[in-house]
Amino acid sequence: MEHEVNENCKDHINRIDKRLEEGDTKLDDHSNKITRLDANVSNVTKSLDGLSKALWGVSASIVAGLFAFFIWYVQTK
């Protein structure tokens with residue numbers, strides 16, 4: 001009887017160990033994915049920063065052109 005209990009406990013412990021190892025594997029996989037996503041977000045942020053600077057430059061050029069046109073228009077009248 002005692003031998004059966006020990007075998008049942010060993011089986012149960014082995015199943016628990018297997019589940020813990022699977023959990024560790026999943027955690028490592030998720031950690032790697034989070035690291036890659038962090039790098040991707042950093043790259044996207046840098047790209048958006050450059051694009052916003054370009055948009056500010058285009059906007060400033062348009063405003064300067066409109067102002068120059070206004071000055072030209074007033075002087076010709």
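Here, each number is a calculation from the coordinates, and none is a lab measurement. Keep in mind that this is a model prediction, so the values were computed, not measured. Glycine also receives a Cβ, built like all others from the backbone with ideal geometry; neighbour counts cover every protein chain displayed.
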Task: Nearest-ten-degree value, helix 2-76 long axis tilted from longest Cα axis of the chain - done: 0
TODO: Starting from the Cα of Asp38, step 7 Å along the direction of its Cβ; do the same at Val63; then give the gap between the two resulting points in nm.
DONE: 3.8
- [ ] Would you calculate, for the chain, the mean residue ellipticity at 222 nm contributed by helices, counting each DSSP H stretch of 4 or more residues as -39,500 (n - 2.57) and dividing by all residues, to the nearest 500?
- [x] -37000 deg cm²/dmol
TODO: Report, to two decimal places, the Cα Rg of region 1-51 normalised by 2.2 N^0.38 Å (N = number of residues).
DONE: 2.26
